[in-house]
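Notes follow once the structure below has been shown.
The values are calculated or read from the model by the stated rules, or taken from the named source; none is laboratory data. As the structure is a prediction and not an experimental result, all values here were calculated from the model. Quick reminder, even Gly has a Cβ in these numbers, built from the backbone with ideal geometry, and neighbours come from all protein chains shown. Remember, those area values only see protein heavy atoms, side chains included, never the ligands or the DNA or RNA. Shrake-Rupley method; radii C 1.70, N 1.55, O 1.52, S 1.80 Å.
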Amino acid sequence: MNSDLLRIEEAASYLGVNVQTLRAWKRKGNGPRYIRFGGKLVYPVREIQVWLDGLLVDPAAGEACAKKSL
């Protein structure tokens, strides 16, 4: 598989969560964007990075700065 695309197990490992957590985020409409490819979910590494960037909190602004919740 292309190293820029991660299977769900690899994406979960990359994020430091278990697969069930990643699936729960998907069901709730949270988590990184993914591609349905050949009946499987794959996560582009760049989309994981974009999603993580959206979770950044400015310490001066506090938690209100966070755009997404888990």
Q: At 1.4 Å probe size, with every protein chain present, just tell me what the per residue accessible area of the chain comes to in Å².
A: 71
Q) When only C-alpha pairs under 8 Å and at least 6 residues apart count, what is the relative contact order of the chain, in percent? A) 28
Q.
Computing the accessible area with a 1.4 Å probe over protein heavy atoms, can you report the carbon and sulfur percentage for region 15-61?
A. 53
Q. In a GNM of the chain with a 10 Å cut-off on Cα contacts, which of P59, P32, P44 has the highest mean-square fluctuation?
A. P59
Q. For the chain, what is the charge dipole size about the Cα centre, in debye to the nearest 20, if Lys and Arg each add +1 at the Cβ and Asp and Glu each add -1 at the Cβ?
A. 440
**Q.** Separation in nanometres of the label points that stand 7 Å from Cα toward Cβ, at A61 and T21
**A.** 2.4
Q: Would you look at the GNM of the chain, springs on alpha carbons closer than 10 Å, and say which of A24, A11, A60 moves the most?
A: A60
